[in-house]
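Notes for the one structure printed next.
The values are calculated or read from the model by the stated rules, or taken from the named source; none is laboratory data. Bear in mind the structure is a predicted one, so any value in this text is a computation, not a measurement. Cβ coordinates were reconstructed from backbone atoms using ideal geometry, including for glycine residues, and neighbour counts include every protein chain displayed. We work out accessible area using only protein heavy atoms, side chains counted, and drop any ligands, DNA or RNA first. Shrake-Rupley method; radii C 1.70, N 1.55, O 1.52, S 1.80 Å.
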Amino acid sequence: MPTSMTTAEAITLATDVLVNWVWPVEAAPPAPDRLDVTLKEPKELIPMVTALRVQRLGYLSAITGLDLGPEDGRLEILYQFCVAAAVITIRVPIPREDATIQSLTDLIPGAEPYERELSEMFGVTVVGMRNPLRLYLPDDWPEGVYPLRKDFDPSVLHNHHKEQSDAAAED
Amino acid sequence: MKFGMMFKDVSGALFKKPFTENYPAEPTETPDRLRGSLVWDPDSCTGCGLCARDCPAMAIEIEVIDKKAKHYQMTYHIDRCTFCGQCVESCNQGSLVMEGGEWELASLSREPFTEVGERPPLVVEETE
Amino acid sequence: MQPQKTEQFTVPIGPQHPALKEPSSFLISVDGEVVTNAIVRLGYAHRGIEKATESRTYVQNLYLLERICGICSHIHGTAFAMGVERLAGVEVPPRAQAIRLIIAELERIHSHMLWLGVGAHQGGFDALFMFSWRDRETVMDLLESISGNRVNYSANVLGGVKFDLTAAHIGDILKALDYLEERTHHYLKVVTTDASFLQRTRGIGTMTRHQAEVLGAIGPTARASGVLRDVRIEAPYGAYVDHPVTTITDDRGDLEARFAVRIKELFESYRLIREVLDDLPPGDIKTRVKRKIPEGEAAFRVEAPRGELFYFIKSDGTDIPSRVKVRTPTICNMTSVVKLAVGHQLADVPMILAGIDPCFSCNDRMVRVNRNNGSDGWTWEQLRQHGIEYYKQRSQDYDPLVVG
């Protein structure tokens, strides 16, 4: 039973699995009950998550997107797995301009809503999603506008809706 | 398996008074801690503006007209207020009170919902 | 109409109250009466809260986040406050922790009672709905007398709580708990023995333990399928460290189990509140937290009435957070609804949906569109035309159905 694992055991096992991986990864424990593993390349994600699943280590609690800002030019996707009190985070930095990541839904079906949210809020192309439709944003939301990015400008929406209503008035 | 498990409750309720209150025909009792509209005590206010800064709804504006004379003006937008009580918490002087304030605030127009209070300027005595 | 090739028919349910009085849309494909596929569309109560946190201070955010959900407002505030306190390295006084726990458990009682009523209402058992809501008022009155508000209690401040419990409050709580306990025994008996109600719950929407794990179900929904997933036990926080909780699980996984688990959790909440009140630590109820929060990241998990609530807070050293991520319990359980509905009668769908205790305003948080298009609103005819166009786009043709 994975839930009977203690926090310390979970962190030890996760360190064992993820840090001592065949290719090197950066890892840091920001707190005793946390382990942050930063991947060098997005393609390392699937093997890493598979490794966690094989060990039945935790469940996917959240996928958090972080925009490091236009100057930095990167987005960071955080896959947070929880077991007991431990939070194991797989951090995947991806370029802002070409944000593409593999879908986890084949491994974890429950990841679907998180990925749909991630793709519409941060403009991340998630490859292999079964249902790429919008989850939260309205049907008439303008393409290419991603609200949780740091450079999101709400006036875009104002203009977009103005154009729409003008177009509707002409009809 | 049984039938009509709630029958006793339902039939018993026929012979009881309604559980609901007959508001507004009969005034309802409110707890002492109920947060109503904000009451400002101009005498103890120092015009620090912490209440305005912490307000999540931007319902308070404090304007310092004359700092030396301790002349402040406070504008309270009741229609924006969410009655969270953070301003009371933030005030170091205890100049703000929400408990027991007016809570029956429904109105047909927005006008009565902005309260402007003013602390009268102190008369600064000439020392020379 | 032309006879179609397949006998599939799609029934749109929602956005107007699909089960609860909250908006969400489901496209349910049916073959006769049997559901063959379900697609969910959320976002009708989307308010842009996650983005809004990035332009408000931590103090202001506390109240904003509390308003994500009206039912579990305290737990949102607690998760955020505790996350920020962890970032700031502040130790909250034990009395404040205990009061947070008491309010959280009272909130769980009122949330579960509310759900019991909603669940019963979906099953057509309105007597249970009304009486459980009548008894729920007891808790609401308690919360009102403690905090001053029926909902959105605003009990938390960064570094503690706003109000103390007086001896009179403690007496009131204990008295109310005795009454509620008696009523809860009755309701447990009703939902597990009433024949007409069991026909709506027994064996409906069954989720096996394996399914629950794979679909990522959490909270009482997962516990009703035998998955022991409770943050209060897995990662105790605040006063739960000293006052452990016994988890209630059920192996059956159907709607009846979900009713039973939630009602049995009420007894656990009563026990816990009594235990904490019995041994309420003396002392301060708050401590000072600096306005500027040191740089760092904190992930904080709490057990909301509906399951695990996940907060991720990133601070860049100012008094405004750089990112606040909220993952609410309903979104995890939504996948299970879509999966479980398949194979059931269409009439069972609202019950299955209500079974996870969904909270759509919890789900929908992020971006708000302020439509300033300057129009004077729509006439009824325009609105009707828009509705027809809208469903046409979603491959539903209602045109022939429209009368006059």
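Taken residue by residue, region C:103-122 has no member that is in a loop (DSSP other than H, G, I, E, B), more than 10 Å from chain B (Cβ to nearest Cβ) and buried (at least 20 other Cβ atoms within 10 Å of the Cβ).
Taken over region C:184-215, residues that are open to solvent by less than 20 Å² (accessible area, probe 1.4 Å) and within 11 Å of chain A (Cβ to nearest Cβ) amount to 2.
The one condition from (1) open to solvent by 10 Å² or more (accessible area, probe 1.4 Å); (2) in contact with a Ser or Thr (Cβ under 9 Å, 6 or more places away or on another chain); (3) within 25 Å of residue C:318 (Cα to Cα) that residue C:70 does not meet is (3).
Matching residues to (1) free of Cβ contacts under 8 Å to residues at least 40 places away in the same chain; (2) more than 10 Å from the chain's Cα centre (by Cα); (3) closer than 29 Å to residue C:228 by Cβ:
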position: A:67; (1), (2), (3): no, yes, no
position: A:73; (1), (2), (3): yes, yes, no
position: A:92; (1), (2), (3): no, no, no
position: A:101; (1), (2), (3): no, no, no
position: A:112; (1), (2), (3): yes, yes, yes
position: A:133; (1), (2), (3): yes, yes, no
position: A:136; (1), (2), (3): yes, yes, no
position: A:141; (1), (2), (3): yes, yes, no
position: A:146; (1), (2), (3): yes, yes, no
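Does residue C:278 meet the test of being more than 27 Å from residue A:77 (Cα to Cα), among the charged types (D, E, K, R), more than 10 Å from chain A (Cβ to nearest Cβ) and open to solvent by less than 10 Å² (accessible area, probe 1.4 Å)? Spelling it out, it is not the case that residue C:278 is more than 27 Å from residue A:77 (Cα to Cα), among the charged types (D, E, K, R), more than 10 Å from chain A (Cβ to nearest Cβ) and open to solvent by less than 10 Å² (accessible area, probe 1.4 Å). Examine region C:328-351 for a residue that is within 14 Å of another protein chain (Cβ to nearest Cβ) and either on the phi > 0 side of the Ramachandran plot or assigned to a loop (DSSP other than H, G, I, E, B) (or both), and state whether such a residue exists. Yes, because at least one residue in region C:328-351 is within 14 Å of another protein chain (Cβ to nearest Cβ) and either on the phi > 0 side of the Ramachandran plot or assigned to a loop (DSSP other than H, G, I, E, B) (or both). Restricting the first member to region C:240-265 and to residues that are in contact (Cβ under 8 Å) with a residue 12 or more places away in the chain and surrounded by fewer than 18 Cβ atoms within 10 Å (Cβ to Cβ), and the second to residues that are part of a loop (DSSP other than H, G, I, E, B) and of a type in the set (Gly, Ala, Ser), the beta-carbon pairs closer than 9 Å and six or more apart or on different chains are C:251/C:224; C:251/C:225; C:251/C:226.
In region C:216-236, the residue that is farthest from the other protein chains (Cβ to nearest Cβ) out of those that are in a loop (DSSP other than H, G, I, E, B) and open to solvent by 50 Å² or more (accessible area, probe 1.4 Å) is C:236.
Those strands (runs of 3 or more DSSP E) of region A:81-171 in which 3 or more residues are facing chain C (nearest Cβ under 9 Å) occupy A:86-95.
Residue-wise test of (1) aliphatic (A, V, I, L, M); (2) modelled with pLDDT of 85 or more.
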| site | (1), (2) |
| --- | --- |
| A:80 | no, yes |
| A:84 | yes, no |
| A:93 | no, yes |
| A:113 | no, yes |
| A:120 | no, yes |
| A:136 | no, no |
| A:148 | yes, yes |
| A:170 | no, no |
